[in-house]
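The values are calculated or read from the model by the stated rules, or taken from the named source; none is laboratory data. All values derive from a computational prediction rather than experimental measurement. Note that we place each Cβ from the backbone using ideal geometry, even for glycine, and neighbour counts take in every protein chain shown. The protein model used for the area step is the full one, side chains on, heavy atoms only, and it has no ligands, DNA or RNA in it. Shrake-Rupley method; radii C 1.70, N 1.55, O 1.52, S 1.80 Å.
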Amino acid sequence: MTTLIHGIPIANPQAVALFSTGLDSILAVKVLQRQHLAVQGLYFTTPFFNNDIRGREDEFIRLIKQRYRIPLCVVDISSDFLTLLEAPPHGYGKNFNPCIDCKILMVQKAKTYAKQWGAGCIVTGEVLGQRPFSQRRDTMRIIERDSDTDGMLLRPLSARLLKETVAEQTGLVDRTLLYDFSGRGRKQQLMLAAELGITDFPTPAGGCLLTDPAFARRIQSLYAAGHQPAAREVEVLKYGRFYPFAAGTFLAVGRNKNENQQLLSLATAADIILKLVEMPGPVGFFTGDHLQLQQAGALLVQHSKARNQPEVTISWTQGKTSGRFRLSPLRPETAEAS
């Protein structure tokens, strides 16, 4: 599948690093740069994480280079990730988050670029035992095995607790200058950051939207109905109230002016936009067909001041076509949004 990449890689990198802007990934790169290795960073994006830089990738690349002296390429893996999400071989976390398979996918992509650019190893900021699910010793081995990077995947912050990589065996990387960090504490990383003069780094926060129970249920309902959403549909599901329909179609109803504007901005010629005719109210973003318009319109009305009217007129637009229909509002107890 097509993978979009922003930025120009440095010439002849010796290592390719998975970069997240978190302190651990910054340190992993800086530890190798201190050994005079040329390291190329890769910043992976999907609709679920790291998506806030969409449309300003080049600006983000310049910022990271200026702030940390780390060359970066931004790689959009949305298509591959959405396919993976349907049936991840290692299952899901607490919600709908395929953490192990997500890491395997990113490492596989990094391996592809490492081979293309002639880099000898792949670097991550993983710390043994820091995360109980994805950074256990056995899980880290699974990631190496299933990404086919055994001997190539280097974790500089915990390397001395792990098996030597080829880069260490051949002398490309000096193992004695790597670390033996483990556990969930951050004291060792903060001390190393101070030693390296790194003071400007983000605090741990955010993360993957698929770990959010409410949002995860929205996405899961589409896959359960046999529909793999496009990246644009995932963006839509970040806004408004959500009503699933048949075959993975859905209605999103804006909750305020900002959400209405966001939904309108995401609409394409294939989507149906619903509005009240007689008064201001929410915008409905509908991906179903015209046979379901009455039901979708009734749900829209329930979130408006027209919900107690005997009849309401709804307008719809779909690309260059449009129309109107009238309905009697649906009683609130007949449908629930998520």
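See the values below:
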quantity	calculated
Whole-number Å³ per residue for the convex hull built on Cα positions in the chain	149
Filter on LYS30/LYS94; LYS65/LYS163; LYS65/LYS238; LYS111/LYS163; LYS257/LYS305 - keep pairs with C-alpha separation over 21 Å	LYS30/LYS94; LYS65/LYS163; LYS65/LYS238
Gap separating the Cα centres of the stretch 283-329 and the stretch 1-67, nearest whole Å	45
Alpha-carbon centroid distance for the pair the stretch 69-111 / the stretch 188-265, whole angstrom	15
In nm, spacing of pseudo-spin labels at THR317 and HIS290 (7 Å Cα→C-beta vector)	1.8
Residue-normalised accessible area of the stretch 189-230, given per residue in Å² at a 1.4 Å probe	56
The chain, accessible surface, carbon-and-sulfur percent (1.4 angstrom probe)	51
HN-Hα J in Hz across the stretch 306-320 - Karplus 6.51, -1.76, 1.60, θ = phi - 60°, x for Gly and Pro	8, 5, 9, 6, x, 9, 9, 9, 10, 9, 9, 9, 9, x, 9
Sequence-distant residues sharing a close amide H with GLY240 (under 5 Å, placed H)	ARG255
Cross-link partners of LYS320 among lysines (Cα-Cα below 19 Å; sequence separation of 8 or more within a chain)	LYS275
Karplus 3J(HN,Hα) series, Hz, for the stretch 109-122 with 6.51 cos²θ - 1.76 cosθ + 1.60 (x for Gly, Pro)	4, 4, 4, 4, 6, 4, 5, 5, 9, x, 7, x, 8, 10
For the stretch 1-109, accessible area per residue (1.4 Å probe, heavy atoms of protein chains only), Å²	42
Nearest-ten-degree value, helix 57-68 long axis tilted from longest Cα axis of the chain	40
Helix-only [θ]222 nm of the chain, DSSP H runs n ≥ 4, -39500 (n - 2.57) each, per residue, nearest 500	-10000 deg cm²/dmol
Fraction of antiparallel bridges per DSSP, the chain only, in percent to nearest 5	60
